[in-house]
Amino acid sequence: MAKASNFLQSTLLPSSSPLRNLRTQRLTLSFPPLPSSRHRPIIHCSVSAGETTKRSAEEAPDISWGCEIDSVENATSLQRWLSDSGLPPQKMAIDKVDIGERGLVASQNLRKGEKLLFVPPSLVISADSVWTNGEAGEVMKRYDVPDWPLLATYLISEASLQKGSRWFNYISALPRQPYSLLYWTRTELDMYLEASQIRERAIERITNVVGTSSLYALLDALSGIFYEDLRSRIFSKHPTLFPKEVFNDETFKWSFGILFSRLVRLPSMDGRFALVPWADMLNHNCEVETYLDYDKSSKGVVFTADRPYQPGEQVFISYGNKSNGELLLSYGFVPREGTNPSDSVELAMSLRKNDTCYKEKLDALKKHGLSTPQCFPVRITGWPLELMAYAYLVVSPPDMSNSFEEMAKAASNKSSTNKDQKYPEIEEEALQFILDSCETSISKYSRFLKESGSMDLDITSPKQLNRKAFLKQLAVDLSTSERRILYRARYILRRRLRDIRSGELKALRLFSGIRNFFK
């Protein structure tokens, strides 16, 4: 699936726009189909008296287009329209599924290696799609608007025409509000993701891009940036084609939210970014390794089944090898505990402020693009060599100052140096430092999970109840899976430390025995 990082400057912004100075070094966002949700839990909640009609600045836009995320009826109407519009007969059908609200299930036996979908280019939305309002489309192309803001504007234009647009059935099947972390407010992040480093990592990425520390503010800022750029350059000069009541910051938040969660990159179509109706109903499975692409022989967007499916089974594609935290960040769901082989947890490690060599060590880290605290991914199978090198640096005494540079370099993933550095004299202390970091993180997860059972959901509107309850359950699922990885790391660390210490004790006893023998 597509990722948005460096192309933010090269693709989203025109060469003449001052916004090309926007920093984009660490943003990594992906655009597969919107995944579905998990079953909702029983939640203790409280509803504030008096429903407010004024939308909070942190809330997602209130859009009348689209449908609830669990609407199968709208998706069924979409399938009928696609079939009437040239989609070949399908071997899959839309249905409610056990790991989400809706997905595609096999309607007949599917073979491994069989190509499926065959969505023709005429049913794919891209920068080349024909505008129902042709005059508006000509204006946008005359100003050489890049693909992303062009597609966002196109979606709004077509949605505003309702049944007057050929894409009415598709837009009606789009969600009004996904559960991606981009739609979580800062209050929700602080409340539900206090234990997980994915919160800090996401905030750091967003801060690097738009200079703000709110996740929802990324969507807000990006849509606002492009809307203001388009408004000043185009919309204000053509108010009859782009009326403010239709093309405004609220509708741009919605359209950018759709692009963030559903846009795909098709390598065989020269890397073109596109929305692929019907294909974006496919959900993710961690064990599947198949992706969407354009098939030149059949002239359609396809994927190849990497396993057989029986009638009634849900059919999956892959959104990429991502941790549970990354899947929640981009797509708004968390796989079942223990089912994601790519799962990892971010472990934060910091230099000790009372270290007499703190400045020297910090300078060495900064030289190689590292900081304090620094996060490293820990998997169920272990941790990277960079983490061990960082731990060596933290615990190294002043008489090892000549090795500070070497340790910092080995701790950086930007360096190609030999990372498997060994410092036997401080290995025990380094492992103990990692263990202490794990224990600190585990205690945070345990405290959140213990308190989550009695956590009230402070909501101002009854319609927010399901959303709040679901967000809380996502946070519980993520915390449970990440704590499980830390439990495993703690077990491994304790065993290694026990082996080291028992070996030292044996060596000490042997040395004492030899000394007594010579006496």
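One residue stands out among those in the stretch 121-147 that are out of contact with any Ser or Thr (no Cβ under 6 Å at 6 or more places or on another chain) and among the β-branched types (Val, Ile, Thr): the one that is farthest from Lys296 (Cα to Cα), which is Val139.
Of everything listed in (1) open to solvent by 20 Å² or more (accessible area, probe 1.4 Å); (2) in contact with a helix residue (DSSP H, G or I) (Cβ under 9 Å, 6 or more places away or on another chain), the single unmet condition for Val119 is (1).
List pairs: first residue in the stretch 398-423 and over 11 Å from Leu385 (Cα atoms), second residue open to solvent by less than 50 Å² (accessible area, probe 1.4 Å) and polar (S, T, N, Q) anywhere in the structure, Cβ distance under 6 angstrom, at least six positions apart or on different chains. Short answer, once both residue conditions are applied: Lys409/Ser415; Lys409/Thr417.
Remark: Tyr216 falls outside the filter, which requires a residue to be among the aromatic types (Phe, Trp, Tyr), part of a helix (DSSP H, G or I), at pLDDT 85 or above and over 17 Å from Glu326 (Cβ atoms).
For the stretch 299-343, a residue qualifies if it is basic (Lys, Arg) and under 17 Å from Ile198 (Cα atoms), and exactly one does: Lys322. Of everything in the stretch 379-425 that is exposed (fewer than 12 other Cβ atoms within 10 Å of the Cβ) and among the basic types (Lys, Arg), the residue that is modelled with the highest pLDDT is Lys422. Restricted to the stretch 256-308, and to residues there that are aromatic (Phe, Trp, Tyr) and touching a helix residue (DSSP H, G or I) at 6+ places or on another chain (Cβ under 7 Å), the residue that is nearest to Thr76 (Cα to Cα) is Trp278. Checking Gly369, Gly300, Gly312 one by one, the residue that is over 28 Å from Glu114 (Cα atoms) and either touching a residue at least 40 places away in the same chain (Cβ under 8 Å) or in contact with a His (Cβ under 9 Å, 6 or more places away or on another chain) (or both) is Gly369 and no other. Applying the condition of being open to solvent by less than 20 Å² (accessible area, probe 1.4 Å) and not hydrophobic (A, V, I, L, M, F, W, C) to the stretch 122-131 and asking which residue is nearest to Arg265 (Cα to Cα) yields Ser126.
When the stretch 336-367 is limited to residues that are among the small types (Gly, Ala, Ser) and not in a loop (DSSP other than H, G, I, E, B), the one that is modelled with the lowest pLDDT turns out to be Ala348. Beta carbons closer than 7 Å, at least 6 apart along the sequence or on distinct chains, pair a first residue in the stretch 229-243 that is hydrophobic (A, V, I, L, M, F, W, C) with a second that is open to solvent by 30 Å² or more (accessible area, probe 1.4 Å) and in a helix (DSSP H, G or I) for Leu241/Glu135. Would you say Val288 is β-branched (Val, Ile, Thr), open to solvent by less than 30 Å² (accessible area, probe 1.4 Å), touching a residue at least 24 places away in the same chain (Cβ under 8 Å) and in contact with a Lys or Arg (Cβ under 8 Å, 6 or more places away or on another chain)? Here the answer is yes, as Val288 does meet what is asked. Taking the options Leu351, Leu431, Leu347, Leu435, name whichever one is touching a strand residue (DSSP E or B) at 6+ places or on another chain (Cβ under 6 Å) and under 30 Å from Arg199 (Cβ atoms). Residue meeting the stated conditions: Leu347. When restricted to residues that are part of a helix (DSSP H, G or I) and either open to solvent by 20 Å² or more (accessible area, probe 1.4 Å) or aliphatic (A, V, I, L, M) (or both), the stretch 317-330 contains 4.
With respect to (1) modelled with pLDDT under 95; (2) in a helix (DSSP H, G or I); (3) aromatic (Phe, Trp, Tyr), the lone exception for Phe333 is condition (2).
Does the stretch 156-166 contain at least one residue that is crowded, with 19+ Cβ neighbours inside 10 Å and in contact with a strand residue (DSSP E or B) (Cβ under 9 Å, 6 or more places away or on another chain)? For the stretch 156-166, residues crowded, with 19+ Cβ neighbours inside 10 Å and in contact with a strand residue (DSSP E or B) (Cβ under 9 Å, 6 or more places away or on another chain): present.
Scanning the stretch 321-361 for residues that are of a type in the set (D, E, K, R) and either under 14 Å from Ile485 (Cα atoms) or touching a His at 6+ places or on another chain (Cβ under 6 Å) (or both) returns Arg336, Glu337, Asp343, Glu346. Residues in the stretch 158-181 that are free of Cβ contacts under 8 Å to residues at least 40 places away in the same chain and of a type in the set (Gly, Ala, Ser): Gly164, Ser165. Are there any pairs with C-beta distances below 6 angstrom linking a residue in the stretch 430-447 that is open to solvent by less than 50 Å² (accessible area, probe 1.4 Å) to a residue that is modelled with pLDDT under 95 and charged (D, E, K, R), with the two at least 6 apart or on different chains, and if so which? Close Cβ pairs (under 6 Å, with a partner that is modelled with pLDDT under 95 and charged (D, E, K, R)) amount to Leu431/Arg496. Do we find a residue being open to solvent by 20 Å² or more (accessible area, probe 1.4 Å), at pLDDT 90 or above, polar (S, T, N, Q) and under 20 Å from Ser83 (Cα atoms) anywhere in the stretch 167-178? The answer is yes; a qualifying residue exists.
The values are calculated or read from the model by the stated rules, or taken from the named source; none is laboratory data. Only a predicted model underlies this, so the values are computations on that prediction, with no experimental measurement involved. Positions of Cβ are backbone-derived with ideal geometry, glycine not excepted, and every protein chain shown enters the neighbour counts. Accessible surface areas use protein heavy atoms only, side chains included; no ligands, DNA or RNA. Shrake-Rupley method; radii C 1.70, N 1.55, O 1.52, S 1.80 Å.
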